[in-house]
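Working notes for the structure below.
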Amino acid sequence: MSELPVLISREEVMRLLQNDDLIPKLESVLGMFSKRNGAEVIQPLRTIVPLQKYNGFLGLMPAYIAHEDILAAKMVSFYQRDNDSVLPAHQASVLLFDPERGNVKAVMDGTVITEKRTAAVSAISSKLLMPPKTEVLCILGSGHQAVSHYDVFTQMFSFKEIRVWSRRRERAEQFARDVQGPVTVCSSVKQAVEGSDVIITVTMAKEPVLLGEWVKPGAHVAAVGACRPDWRELDNALMREAVVYVDSREGASTESGDIILSGASIFAELGEVINGTKPAQCEKTTVFKSLGMGIQDAVSAKLVFDKWKTQK
Ligand SMILES: NC(=O)C1=CN([C@@H]2O[C@H](COP(=O)(O)OP(=O)(O)OC[C@H]3O[C@@H](n4cnc5c(N)ncnc54)[C@H](O)[C@@H]3O)[C@@H](O)[C@H]2O)C=CC1
Ligand SMILES: O=C(O)C1=NCCCC1
């Protein structure tokens, strides 16, 4: 009989999953994915179960990475909650399997994995696509992803100024108190965005909050929210003027309202830039439209499990 799976808590995932280990693994798997070798990386389009009654969704995200022999599946629920709801917007678990035997080796918190790997991928997009001289970082939204993005961006880059905007100013002020280091709280998106070199959108908006007319030519936008085909964070002007990069063409063409509804064309996947088969057009305004991928969760879960084994 196979052994029972180990349970790895949120706190342990938080401690064990470090950006220094995570970023090279993500770069490598994104590159592998973009080679479209179906025997090497298997990641079906995520299945979404809408929960209309509760204004929510359940996403199922399996993946297999052959040369590292990683088989994993994340289940993630996400909800459009009222501003004052005490319930979390996103919750996730990751199952890590033994690919040979088929048993589950570990069940671990996937919420922290989602926060950290999403922010790490945005940091990779910025490393590749931001303008050579970057001084101002702008974060639109002040929730969980805002915090994880702040953490990895301040670890990897040095900005002269970091700005935050949130629908409610007091949330942006709370964010500024919670993070380590100075943050300018802005009263409008326009004020936050104008003059920024890197802009991160991490909101639950369904309509555009970021307008192209405010964006400095040559800036890089990491667009993380709006993960449904009828949701938007960016307006048509920005989507059509910028050079658009994505994590997965299939994912973006199916799930991203910013891409589908604007009619913008996708220039490249991040993995193609990593592989050197498509250029990083840093001199132009660039948008990285992130949707999230099962392979990102799979490499994260394997890192957590391997570290957990050495430390138990
Ligand atoms: N691309 C990816 O891989 C992933 C994307 N996401 C997406 O990232 C976004 C942020 O996620 P979390 O930080 O975990 O959520 P959260 O609930 O912690 O924070 C959401 C933020 O959006 C703001 N917001 C809500 N409705 C808004 C509106 N109509 N206009 C402007 N701001 C609004 C809230 O005030 C809050 O600051 C969500 O859209 C989520 O679905 C989350 C996980 C992975
Ligand atoms: O990749 C993920 O995980 C998610 N992406 C879109 C929104 C929910 C979680």
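The values are calculated or read from the model by the stated rules, or taken from the named source; none is laboratory data. Just so it is clear, the model here is predicted, and its values are computed rather than measured. Cβ sites come from the backbone with ideal geometry, for glycine too, and all protein chains shown count toward neighbours. Accessible surface areas use protein heavy atoms only, side chains included; no ligands, DNA or RNA. Shrake-Rupley method; radii C 1.70, N 1.55, O 1.52, S 1.80 Å.
Of note:
- Residue check, residue 246 within 14 Å of ligand 1 (Cβ to nearest atom) and buried (at least 24 other Cβ atoms within 10 Å of the Cβ): yes
- Odd one out for residue 92 among (1) closer than 22 Å to residue 19 by Cβ; (2) open to solvent by 20 Å² or more (accessible area, probe 1.4 Å); (3) within 14 Å of ligand 2 (Cβ to nearest atom): (2)
- Among (1) over 18 Å from the mean Cα position of the chain (by Cα); (2) open to solvent by less than 30 Å² (accessible area, probe 1.4 Å), the one test that residue 81 misses: (2)
- Condition check for residue 7: in a strand (DSSP E or B) and over 17 Å from the mean Cα position of the chain (by Cα): yes
- Condition check for residue 167: within 30 Å of residue 48 (Cα to Cα), among the charged types (D, E, K, R) and surrounded by fewer than 20 Cβ atoms within 10 Å (Cβ to Cβ): yes
- Qualifying residue in region 95-114 (condition: closer than 26 Å to residue 215 by Cβ and within 16 Å of ligand 1 (Cβ to nearest atom)): no
- Of the listed requirements (1) open to solvent by 40 Å² or more (accessible area, probe 1.4 Å); (2) in a loop (DSSP other than H, G, I, E, B); (3) touching a strand residue (DSSP E or B) at 6+ places or on another chain (Cβ under 8 Å), residue 154 misses just one: (2).
- Residues satisfying the stated conditions in region 61-78, i.e. within 11 Å of ligand 2 (Cβ to nearest atom) and open to solvent by 60 Å² or more (accessible area, probe 1.4 Å): 75
- Among (1) more than 13 Å from the chain's Cα centre (by Cα); (2) more than 16 Å from ligand 2 (Cβ to nearest atom); (3) surrounded by 24 or more Cβ atoms within 10 Å (Cβ to Cβ); (4) not polar (S, T, N, Q), the one test that residue 221 misses: (1)
- Taken together, the residues in region 269-310 that are among the hydroxyl-bearing types (Ser, Thr, Tyr), touching a Leu at 6+ places or on another chain (Cβ under 8 Å) and open to solvent by less than 20 Å² (accessible area, probe 1.4 Å) amount to 2.
- Residue 252 being assigned to a helix (DSSP H, G or I), small (Gly, Ala, Ser) and crowded, with 24+ Cβ neighbours inside 10 Å: no
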